[in-house]
Amino acid sequence: MIVPGNLFILSAPSGAGKSSLIKALLKQDKQASARAMQVSVSHTTRDARPGENNGEHYHFVSVAEFKKQISNHAFYEYAEVFGNYYGTSATAIDTQLAQGIDVFLDIDWQGAQQVRMKKPNVTTIFISPPSKEELESRLRGRGQDSDEIIASRMAQSQAECSHYKEFDYIIVNDDFDQALLDLTTVVNNQRLKCRQQTIAQQELFSKLLNNEATKPAK
């Protein structure tokens, strides 16, 4: 019998290191565990950027198709950002979970609120930077943004951090290795819950509770 996968939400302000943590977790888990895990691939109406592949980075669809899916209640969460729509397919998530795959949603606090209403058992994790100064240093260290954009990202980060109490777990990404260990602990905690182990260890407990006399070892 397949043990259903767990659904996780990871949210963080830009620069907190969320993407790096997810990437490291997937690489680590692939080497150490028989359980599969993957990051959900969102739908979007924006054009694909150089190097992006449909179905791998995003599912690229037209605005008309996206709105049709909205009317069909096809998304667990969706939002319009700078004129483009982004959404998480309910069917895709449910199919992956039914196959025993642990699924991670990389979404903001607003998306997390929408998903929680429809999937109460979702595990939500907030990745926090250790300080404002370190966050700004990381953003500047990328060497990609102007002072104006960095200031905007810092303001947006503060708004994101104001919702930290809405999450089940908080991981402060000060030391990357420790943050990865903390994230791994959360994942393993969910995998070891009674509702998961009841299915995974069904044969074991059936034998443990069997009233037939145990034959002595020869």
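Before moving on, here are some points about what is shown:
- Here the spin labels are modelled as points 7 Å beyond Cα on the Cα-Cβ line, and at Arg46 and Leu26 they lie 1.8 nm apart.
- Working note: Cα atoms of region 130-218, range along each principal axis, descending, whole Å: 76, 28, 19.
- Using just its DSSP H runs of length 4 or more, each adding -39500 (n - 2.57), the chain gives a mean residue ellipticity at 222 nm of -13500 deg cm²/dmol after division by all residues.
- Taking a ≥ b ≥ c as the square roots of the eigenvalues of the Cα gyration tensor, region 7-86 is prolate, since a/c reaches 1.5 or more and a/b is larger than b/c.
- Applying the criteria of a DSSP loop state and at most 15 other Cβ atoms within 10 Å to the GluC sites (Glu not before Pro) of region 139-218 yields Glu212.
- Reachable lysines from Lys27, criterion Cα separation under 25 angstrom, eight or more residues apart if same chain: Lys18, Lys193
- Cleavage-rule hits, chymotrypsin sites (Phe, Trp or Tyr not before Pro), region 58-155, DSSP coil, Cβ neighbours within 10 Å at most 16: Phe82
- Matching the structure-derived Rg/Rh (Cα atoms, Kirkwood Rh) against the labelled list [x] 0.93; [y] 1.00; [z] 1.05 gives the label [z].
- Computed over region 42-116, the Cα gyration tensor eigenvalues convert (square root of 5λ each) into semi-axes of 19, 15, 13 Å, ordered from largest to smallest.
- Of the GluC sites (Glu not before Pro) found in region 1-71, the ones in coil according to DSSP and having at most 16 other Cβ atoms within 10 Å of their Cβ are Glu52, Glu56.
- Extension reserve of the His163-Asp145 stretch, reckoned as 0.36 nm per residue once the Cα distance is removed: 4.0 nm
- Surrounding net charge for Tyr58, when Lys and Arg each add one and Asp and Glu each subtract one, Cβ distance under 11 Å: -1
- Cut-off 14 Å (backbone N to label point 7 Å along Cα→Cβ of Gln202), residues of region 1-22: 1-5
- Taking a straight line from the alpha carbon of Lys119, these aspartates and glutamates sit under 12 Å away, with near neighbours fewer than eight places off in the same chain left out: Glu77, Asp94.
- Point-to-point label distance, Cys194-Gln38, nm (Cα→Cβ direction, 7 Å offset): 3.3
- Paramagnetic reach from Met154 in region 1-20 [backbone N under 20 Å; point 7 Å along Cα→Cβ]: 12-18
We did not get these values from a lab; they are worked out from the coordinates using the rules stated. Quick caveat: nothing in here was measured; it's all calculated off a predicted structure. As a convention, Cβ positions derive from the backbone with ideal geometry for all residues, glycine included, and neighbour counts pool all protein chains shown.
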